[in-house]
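First comes the structure, then the notes that go with it.
The values are calculated or read from the model by the stated rules, or taken from the named source; none is laboratory data. Quick caveat, the model's predicted, so the values are computed rather than measured. Every residue, glycine among them, receives a Cβ derived from its backbone with ideal geometry; neighbour counts consider all protein chains shown.
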Amino acid sequence: MPVIVARGWSDQQKRAYVIADNRLTDASEWDDEMLRLELNDLLEGGFELSLTGITEGEFSRLSVGVGELEAMPELPDGDRSPYRDLRLYGDQ
């Protein structure tokens, strides 16, 4: 099994890599609400979302970067994306 060593990557780079890596298969299914939350969180942190491999059309469909939306689920204060703490193989 191939392994990516993410030594020296920022947390945002690791999270964006996870998204981009999962985009490699067209057969993958997404939880649009969770993806929207994760992408907006990366955007708020100043990460360059084009590196995720997601198209501008998909960002628009997901309402990424639009700000607060009624359709987006609210997270209680202090809650974070469950993907934020994801560790990649080789991450120390």
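Overview of results
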read-out	value
Subset of the range 1-51 [touching a helix residue (DSSP H, G or I) at 6+ places or on another chain (Cβ under 6 Å) and surrounded by fewer than 11 Cβ atoms within 10 Å (Cβ to Cβ)]	Ser28
Residue within the range 38-45 that is in a loop (DSSP other than H, G, I, E, B) and either at pLDDT below 90 or at positive phi (or both) present	no
Residue count, the range 46-61 (criterion: small (Gly, Ala, Ser) and outside any helix (DSSP H, G or I))	2
The range 52-92 - residue that is among the hydrophobic types (A, V, I, L, M, F, W, C), modelled with pLDDT under 60 and exposed (fewer than 14 other Cβ atoms within 10 Å of the Cβ) and, of those, nearest to Ser10 (Cα to Cα)	Leu86
